[in-house]
1. Name, by its number, the condition in (1) at pLDDT 90 or above; (2) surrounded by 15 or more Cβ atoms within 10 Å (Cβ to Cβ); (3) not in a loop (DSSP other than H, G, I, E, B) that does not hold for SER139.
2. Tell me, yes or no, whether region 34-43 has at least one residue that is aromatic (Phe, Trp, Tyr), part of a loop (DSSP other than H, G, I, E, B), in contact with a strand residue (DSSP E or B) (Cβ under 6 Å, 6 or more places away or on another chain) and closer than 25 Å to SER163 by Cα.
3. Taking region 1-32 only, how many residues are of a type in the set (Lys, Arg) and surrounded by 13 or more Cβ atoms within 10 Å (Cβ to Cβ)?
4. Return the total of residues in region 81-104 being assigned to a loop (DSSP other than H, G, I, E, B) and under 17 Å from TRP66 (Cα atoms).
5. I'm checking my understanding of the structure. Among residues of region 33-46 that are charged (D, E, K, R) and surrounded by fewer than 15 Cβ atoms within 10 Å (Cβ to Cβ), which one is farthest from the chain's Cα centre (by Cα)?
6. Name every residue in region 110-136 that is part of a helix (DSSP H, G or I) and either surrounded by fewer than 12 Cβ atoms within 10 Å (Cβ to Cβ) or of a type in the set (Val, Ile, Thr) (or both), in order of residue number.
7. Report, ordered by the first and then the second residue, all pairs with beta carbons closer than 8 Å, sequence separation of six or more or different chains, a first member in region 69-91 that is at positive phi and in contact (Cβ under 8 Å) with a residue 12 or more places away in the chain, and a second member that is surrounded by fewer than 15 Cβ atoms within 10 Å (Cβ to Cβ) and of a type in the set (Val, Ile, Thr).
8. Within region 47-77, work out how many residues are assigned to a strand (DSSP E or B) and more than 14 Å from ILE26 (Cα to Cα).
Amino acid sequence: MSNRYNLKHYIAISTFNAESNHNLTIEINKKNIFTKDLIKDKEYHLKISDYFDYKKPGLNNIEIRWSGEHECEKKYLKIFSVVIHEQHIAPHSVMITPVQNEYIQNLLSTEEGKTSYNDTIFYPGHRHGWYGLYKFKFSLDPKEIKNAEQESLIAMTGIKLDSIITDVEKIIYQRRAYKK
């Protein structure tokens with residue numbers, strides 16, 4: 001069996017919570033690759049570097065789950081870099097599903113709050129302040145996807161997904177990631 005889809009990952013994250021212990025979990029396609037319990041009032045700079053075997057081309061997910069004991073104003077999660085097989089996935093392409101806590105419910109109770117909520121969901125940037133699920137979707141070798149249903153789902157959404165190419169020779173120069 002080929003190891004063609006056993007790809008190296010590099011994820012750089014910083015996190016802080018002034019008042020509460022918190023937890024960070026990272027999964028790839030529902031398989032846990034990293035979990036860390038974090039103590040309050042300490043800034044963490046996490047660099048996760050490992051291999052993951054995707055087995056075949058297709059749609060894939062990286063999920064970062066951030067949770068804590070309780071909410072506080074002075075907390076953040078910064079996603080600086082997501083690199084798979086020497087190719088960047090833009091940190092601002094993350095899809096956010098915040099925990100529906102009292103703060104989020106109060107935010108959604110006003111028109112101004114709804115606007116702020118939607119702006120954060122649709123234009124997330126790299127700094128985040130809500131507990132929840134941060135999801136990156138990408139396709140691996142999209143030209144080799146054999147499942148017609150999966151291919152048509154990608155086309156129907158109209159959303160352009162990041163794609164990762166396993167043949168390093170075909171990676172476009174601008175997308176290539178170099179660690180410093």
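The values are calculated or read from the model by the stated rules, or taken from the named source; none is laboratory data. A quick note: this is a predicted structure, and the numbers were derived from the prediction, not measured. All Cβ positions, glycine included, derive from the backbone under ideal geometry; neighbour counts span all protein chains shown.
1. (1)
2. no
3. 1
4. 4
5. ASP41
6. Matches in region 110-136: GLU111, GLU112, THR115, ASN118, ASP119, THR120, ILE121, PHE122.
7. What qualifies is HIS85/VAL168; GLU86/VAL168.
8. 6
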